[in-house]
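Everything on this sheet refers to the single structure shown next.
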Amino acid sequence: MARVDLTVMGGGIFGLSIAWAAARRGARVRLIEAAVIGAGSSGGIVGALAPHVPEHWNDKKAFQLDSLLMAKGWWDGVAAASRLPTGYLRSGRLQPLADASAVDLANARGVTAQTLWRGQADWSVIPVTGAAWQPQSPSGWLVRDTLTARLHPRMAAQALVAAISSVGGEVLEGGTGVAEGPVVWATGLAGLQALSDSMGRRIGDGVKGQALLLRCDAADAPQIFVDGLHIVPHADGTVAVGSTSESAWDNAAMVDDRADALHQKAVAALPVLAGAAVLERWAGVRPRAKSRAPLLGEWPGREGHYIANGGFKIGFGMAPKVGEVMADLVLDGLDSIPAGFRIEACR
């Protein structure tokens, strides 16, 4: 590549999405990954693109909504350019309701969703019917939303690599390559640590998560969400179950009895999973900014350097809009980043 308009450091979901958004616009892009694509939490197995509840609206929820609504067209574009599947499907989601007060709250949220979700998705309360792919619900009622989607993280990452390459971008692994032009740092936990050192205060940290992959063909079924647990059917005949949130750990890659507890909880919520073979047990650390929102924008004191980090549990759901917003900023000088996503918010 004779000239580089933009270098992206990091081959996780934020780095790949920014590189694709810029390359698709005609920019000459070089992406440099220190290890291998998806080496961090973006190489996981869950892939739940789940919205926040439709109440107490703020910039973070509005940004996420925009990203979820644009996701189908965005991921369809990746699939078309790469000729590879991403596993994307707007599958919807079911959540059990514990009691009558939970049902009342869910109904109230359904009313606010009609406005906040702009009529483009529904949040409704439906009765349990006894279908195999419905969670156990003490109240006999479930929330069903039609905004939740899923994709296969590893499929999506490889499709993005191929899409970037298809329009002339470079994707380099193993830390090879030289940064040229503006540089976007999307380097996960290591990037948050570097930012903390640069700013002289804690900008973020890591949260370990463990997850399981089961053999169960429910490819078109909705996701299940029970007490913080995601049960996500994938297009390849697997179901992901995750994840834990661990602030302290000795070994980031070690899977332990917490994963067994996830499995037990999933089977209790959805008995159809009993007997499903466990194909993989995964653990990794997700980068979380102190603000708990994605961290986007210019790197203070480093002209020509930018930050895209802190996806935590919502990185894949935020990725389409993060990619486009960061491409706007770096290529065109158009800054539409919410105040809560800036490094100044990490106080």
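In whole angstrom, note down how far apart the Cα centers of region 66-95 and region 102-120 are.
The two parts, judged by their Cα centres, are 24 Å apart.
Using only Cα positions of region 262-347, each an equal point scatterer, no hydration layer, compute I(q)/I(0) via Debye at q = 0.15, 0.23 Å⁻¹ and quote the log10 values to two decimals.
So the normalised log intensities are -0.66, -1.12.
So what's the back-of-envelope 222 nm ellipticity for the chain, counting only DSSP H runs of four-plus at -39500 (n - 2.57) apiece and dividing by all residues, rounded to 500? Write out the running numbers ahead of the final one.
Values: 7 runs with 110 residues, N = 347.
So the calculated ellipticity at 222 nm is -10500 deg cm²/dmol.
Run the paramagnetic zone check for Glu344: 7 angstrom along Cα to Cβ, then residues of region 305-326 with backbone nitrogen under 17 Å.
307
Can you list the HN-Hα couplings for region 268-274, worked out from phi with the Karplus curve (6.51, -1.76, 1.60; θ = phi - 60°), rounded to whole Hz and with x for Gly and Pro?
5, 6, 9, x, 4, 7, 4
5 Å is the cut-off here: which amide hydrogens, built 1.01 Å from N in the peptide plane, fall below it relative to Leu279, excluding neighbours closer than 5 in sequence?
Leu213, Leu214, Arg215
What dipole magnitude, in Debye to the nearest 20, does region 201-347 give about its Cα centre under +1 on Lys/Arg Cβ and -1 on Asp/Glu Cβ?
Using Cβ point charges on Lys, Arg, Asp and Glu, region 201-347 gives about 520 debye.
Length gain on complete extension for the stretch Ala274 to Ala190, per 0.36 nm per residue less the alpha carbon to alpha carbon distance?
Extra length available between Ala274 and Ala190 comes to 26.4 nm.
Can you list residues whose amide H is under 5 Å from Val171's amide H, if they're 5+ apart or on another chain and H is modeled 1.01 Å from N?
Long-range HN contacts for Val171: Leu31.
Rounded to whole Hz and in sequence order, give me ³J(HN,Hα) for region 96-110 from the Karplus expression 6.51 cos²θ - 1.76 cosθ + 1.60, θ = phi - 60°, writing x for Gly and Pro.
With the stated coefficients, region 96-110 comes to x, 10, 6, 7, 4, 5, 5, 5, 4, 5, 5, 5, 5, 5, x Hz.
Could you tell me the relative contact order of region 196-347? Use alpha-carbon pairs under 8 Å, at least six residues apart, and round to a whole percent.
It rounds to 24 percent for region 196-347.
Note the full-extension length gain between Asn251 and Ala35 as 0.36 nm times their separation in residues minus their Cα-Cα distance, in nm to one decimal.
75.9 nm
Quick one: dipole size for region 130-270, taken about the Cα centre, charges +1 on Lys/Arg Cβ and -1 on Asp/Glu Cβ, in debye to the nearest 20. Don't skip to the end; give the middle numbers.
Values: 9 positive and 15 negative charges, 63 e Å.
The calculated dipole for region 130-270 is roughly 300 debye.
Given Lys208/Lys265; Lys290/Lys321; Lys72/Lys290; Lys265/Lys290; Lys72/Lys265, which pairs have Cα atoms separated by over 27 Å?
Check vs 27 Å cut-off fails for Lys72/Lys290; Lys265/Lys290; Lys72/Lys265.
Taking amide H positions as placed in the peptide plane 1.01 Å from N, state which residues far from Ala34 in sequence (5 or more) or on other chains have amide H under 5 Å from it.
Gly10, Gly11, Gly175
If R₀ is 25 angstrom, what is the calculated FRET efficiency for the pair Lys72 and Leu172, using the beta carbon separation as r and rounding to 0.05?
It comes out at approximately 0.25.
List, largest first, the extents of the alpha carbons of region 161-226 along their principal axes, each in whole Å.
45, 39, 19
Per the Kirkwood treatment, what hydrodynamic radius in Å, one decimal, follows for region 216-284 from the mean inverse distance over all distinct Cα pairs?
Result for region 216-284 stands at 12.8 Å.
Quick check: Cα centre of region 294-347 to Cα centre of region 164-235, how many Å?
Here the two parts' Cα centres lie 15 Å apart.
More than 26 Å apart: what percent of Cα pairs in region 61-179 qualify?
The answer is 42 percent, as a whole percent.
Of all the accessible heavy-atom surface of region 111-179, with the other protein chains kept in place and a 1.4 Å probe, what percent is carbon and sulfur?
Of the solvent-accessible surface of region 111-179, carbon and sulfur hold 54 percent.
Which whole-number percentage describes the relative contact order of region 164-244, with Cα contacts under 8 Å and a sequence gap of 6 or more? Don't skip to the end; give the middle numbers.
On the way: 96 pairs, mean separation 16.9, N = 81.
Over region 164-244, the number comes to 21 percent.
Provide the per residue accessible area, probe 1.4 Å, for the chain, rounded to a whole number of square angstrom.
Solvent-accessible surface per residue comes out at 41 Å².
Can you list the residues of region 199-243 with backbone N under 13 Å from a point 7 Å past the Cα of His263, pointing along Cα to Cβ?
Those under the cut-off are 211-215, 241.
In whole Hz, what ³J(HN,Hα) sequence does region 328-345 give by Karplus (6.51, -1.76, 1.60; θ = phi - 60°), x for Gly and Pro?
Result, ordered by residue: 4, 5, 6, 7, 10, x, 8, 10, 10, 6, x, 4, x, 9, 8, 4, 5, 6 Hz.
What spacing in nm lies between the two simple spin-label points modelled at Val53 and Ser101, each 7 Å away from Cα in the Cβ direction?
1.2 nm
Using the C-alpha gyration tensor of region 79-147, what are the square roots of 5 times its eigenvalues, in whole angstrom, with the largest one first? Can you show the working numbers first?
Details: eigenvalues 159, 63, 10 Å².
Semi-axes (√(5λ), whole Å): 28, 18, 7.
Between Leu84 and Asp236, how many nm apart are label points set 7 Å from Cα along the C-beta direction?
So the label points at Leu84 and Asp236 sit 1.1 nm apart.
The values are calculated or read from the model by the stated rules, or taken from the named source; none is laboratory data. Quantities reported herein were computed from a predicted structural model and do not represent experimental measurements. Neighbour counts run over all protein chains shown; Cβ positions are idealised from the backbone, glycine included. All accessible areas refer to the heavy atoms of the entire protein, side chains included, with ligands and DNA or RNA removed. Shrake-Rupley method; radii C 1.70, N 1.55, O 1.52, S 1.80 Å.
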